[in-house]
Amino acid sequence: MFAHRTRPAVARAAAVAALVVGLVVPAAAAHAAQPLPSGVAAAPKPAPSPGPGPSSANDGAGGGRITFGMTTASGGTTDARGFIAVNAPAGSVLYDNVAVINLSDAPLAVDVYAADVTNGSDGALDVAASTDKKQLAGGWVTLGETKVDLAAQSSKAGPGFKLVPVTITIPKDAEPGDHLAAVLASVTAQGKPGENAPAVNLEHRVGVRVYVTVQGSIRPGLSIKDVRTHFRPGSTFGPGSLDVEYTLTNSGNVRVGVKPSVRATGPFGTSPHTADGTAVAELLPHSSVTQKVSFDGVLPAGLENVVVSAAAVAAQGGSDPGIGTVHASSWTWLWTWVLPGLLLVAGGVVTGFRVRRRRSRPGVWGPPEELWAASTPAGPSGDGPSAATAAAAAPPTGDTAASPATGTETTPDPEPVR
């Protein structure tokens, strides 16, 4: 079914709400195929798919509550299909019908249009607004009417009721595989502006899904990408929380249902944690959904292994894609900031102790005279420093002095002999 979404807007812009399937019809209702023009492929009979009830809302003008709905129709009346499903080659033209129903006590004008359907950020089906340009299968669907006037329901005639013809034209260059659109019935409630607030209109929509399978090479596919982890430490040495994010991608050309799960284990498989991700009823071809799973009570025991699994199952009205379960894994280090700090302090203590011990050992750090002697190069015979080197390297004595101005050596006059 379509996810419930609202799109508020200001002034004349519409806010979309209540995206549902069609009216619930008895499961025992017969499915009678409507006669189609000659040479046109007929839609296969899908399994019944009851949905939520009709949409109800105030009309926004003080006229009371309105209730209306939409469902599939054939043979001049509603049927139990719940959605339209066709399977045909590219270039085919197919015909069907939907029924718009008024369960209100007053006549009702309803807008009818087709729209694209995609996966939202949470994985639920998201229907485009009436003002959005059709870029996907919504552009393949045309309707016999875009606005219908429905009579009020009565005890004698029953609900107001009208059939709307649906034409599906598959392009000749359409990609093989599954495509999804929707046919929608819409009523906009006119809001009234307040003293300090603009008027807000609210569009209520009910719809029927249109599944189009283009015949050709069918390639089911499912992958898990971008597994990311983030550890949030708790107390000093206590457990923390581990967040795992991943992206599910339908890499094939058919719809798949997905049931993800995540398992995290410490070194040697210790301290296992498992959790289920959010199931995706229908992941459309070339669509992706990012999810996050969080674990509490995870010990910072070092290297942690995270495995994300995703089981591919049949989407609603579809068949098992035959993919099975796919996996993706990631390794991450779990620790608190206290541990690196303690290791740094311990390393500093050990280094200081070793330096102090080396200085206290004899022969390693001797008196300055010994260092000076050890660093003086040997003379030509190898027995000791050369005369020039010794003269240059010898420390100054009282017999010579350096001139402060020129740096040249001066020799004092000898004392007179007495």
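Given the condition without any contact (Cβ under 8 Å) to a residue 40 or more places away in the chain, in contact with a Ser or Thr (Cβ under 9 Å, 6 or more places away or on another chain) and of a type in the set (Gly, Ala, Ser), answer yes or no: does some residue in region 206-225 qualify?
Taking every residue of region 206-225 in turn, none turns out to be without any contact (Cβ under 8 Å) to a residue 40 or more places away in the chain, in contact with a Ser or Thr (Cβ under 9 Å, 6 or more places away or on another chain) and of a type in the set (Gly, Ala, Ser).
Of everything in region 61-75 that's modelled with pLDDT under 90 and surrounded by fewer than 18 Cβ atoms within 10 Å (Cβ to Cβ), which residue is nearest to residue 143 (Cα to Cα)?
Selected residue: 65.
In region 188-220, how many residues are part of a loop (DSSP other than H, G, I, E, B), charged (D, E, K, R) and more than 27 Å from the chain's Cα centre (by Cα)?
2
Based on what the data block shows, is residue 104 hydroxyl-bearing (Ser, Thr, Tyr), modelled with pLDDT under 95, surrounded by 17 or more Cβ atoms within 10 Å (Cβ to Cβ) and out of contact with any Cys (no Cβ under 7 Å at 6 or more places or on another chain)?
Yes; evaluated as a whole, the condition is true for this residue.
Let's see how each residue does on (1) within 30 Å of residue 317 (Cα to Cα); (2) among the hydrophobic types (A, V, I, L, M, F, W, C); (3) outside the structural domain of residue 285 (by TED's automatic domain parsing):
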| site | (1), (2), (3) |
| --- | --- |
| 136 | yes, yes, yes |
| 142 | yes, no, yes |
| 172 | yes, no, yes |
| 177 | yes, no, yes |
| 188 | no, no, yes |
| 192 | no, no, yes |
| 195 | no, no, yes |
| 198 | no, no, yes |
| 205 | yes, no, yes |
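Report, by residue number, each residue of region 142-157 that is of a type in the set (D, E, K, R) and either part of a strand (DSSP E or B) or within 45 Å of the chain's Cα centre (by Cα) (or both).
Residues satisfying the conditions are 145, 147, 149.
Can you tell me which residue among 149, 173, 178 is at negative phi, among the acidic types (Asp, Glu) and buried (at least 17 other Cβ atoms within 10 Å of the Cβ)?
178
Just to be sure before I move on: is residue 212 of a type in the set (Val, Ile, Thr), surrounded by fewer than 21 Cβ atoms within 10 Å (Cβ to Cβ) and either modelled with pLDDT under 95 or in contact with a helix residue (DSSP H, G or I) (Cβ under 9 Å, 6 or more places away or on another chain) (or both) in the structure I sent?
Spelling it out, it is not the case that residue 212 is of a type in the set (Val, Ile, Thr), surrounded by fewer than 21 Cβ atoms within 10 Å (Cβ to Cβ) and either modelled with pLDDT under 95 or in contact with a helix residue (DSSP H, G or I) (Cβ under 9 Å, 6 or more places away or on another chain) (or both).
For region 107-123, which residues satisfy the criterion of being surrounded by 14 or more Cβ atoms within 10 Å (Cβ to Cβ) and part of a strand (DSSP E or B)?
108, 110, 111, 112, 113, 114, 115, 116, 117, 118, 119
Taking the conditions exactly as written (surrounded by 15 or more Cβ atoms within 10 Å (Cβ to Cβ), among the aliphatic types (A, V, I, L, M), modelled with pLDDT of 90 or more and part of a loop (DSSP other than H, G, I, E, B)), does residue 80 satisfy them or not?
In short, yes.
Report yes if some residue within region 235-250 is surrounded by 21 or more Cβ atoms within 10 Å (Cβ to Cβ), under 30 Å from residue 144 (Cα atoms), at pLDDT 95 or above and of a type in the set (Ser, Thr, Tyr); otherwise report no.
No, because not a single residue in region 235-250 is surrounded by 21 or more Cβ atoms within 10 Å (Cβ to Cβ), under 30 Å from residue 144 (Cα atoms), at pLDDT 95 or above and of a type in the set (Ser, Thr, Tyr).
Of everything in region 267-294 that's within 16 Å of the chain's Cα centre (by Cα) and of a type in the set (Ser, Thr, Tyr), which residue is farthest from residue 330 (Cα to Cα)?
Across region 267-294, the extreme among qualifying residues is 287.
If you take the residues of region 252-285 that are within 21 Å of residue 180 (Cβ to Cβ) and small (Gly, Ala, Ser), which of them is surrounded by the fewest Cβ atoms within 10 Å (Cβ to Cβ)?
Looking at residues that are within 21 Å of residue 180 (Cβ to Cβ) and small (Gly, Ala, Ser), I get 279.
From 160, 123, grab the single residue that is among the small types (Gly, Ala, Ser), on the phi > 0 side of the Ramachandran plot and touching a Ser or Thr at 6+ places or on another chain (Cβ under 9 Å).
None of the other options fit; the residue is 123.
Can you say whether residue 309 is assigned by TED's automatic domain parsing to the domain that holds residue 229, touching a His at 6+ places or on another chain (Cβ under 6 Å) and of a type outside the set (Phe, Trp, Tyr), as far as the supplied structure shows?
Judged against the criteria, residue 309 is a match.
May I ask you to say which residue of 116, 79 is under 17 Å from residue 213 (Cβ atoms), acidic (Asp, Glu) and touching a strand residue (DSSP E or B) at 6+ places or on another chain (Cβ under 9 Å)?
116 is the lone residue from the list that is under 17 Å from residue 213 (Cβ atoms), acidic (Asp, Glu) and touching a strand residue (DSSP E or B) at 6+ places or on another chain (Cβ under 9 Å).
Identify all residues within region 153-192 that are over 21 Å from residue 113 (Cβ atoms) and modelled with pLDDT under 95; write none if there are none.
Those that are over 21 Å from residue 113 (Cβ atoms) and modelled with pLDDT under 95: 153, 154, 155, 156, 157, 158, 159, 191, 192.
The values are calculated or read from the model by the stated rules, or taken from the named source; none is laboratory data. Keep in mind that this is a model prediction, so the values were computed, not measured. Positions of Cβ are generated from backbone atoms using ideal geometry, with glycine treated the same way; all protein chains shown enter the neighbour counts.
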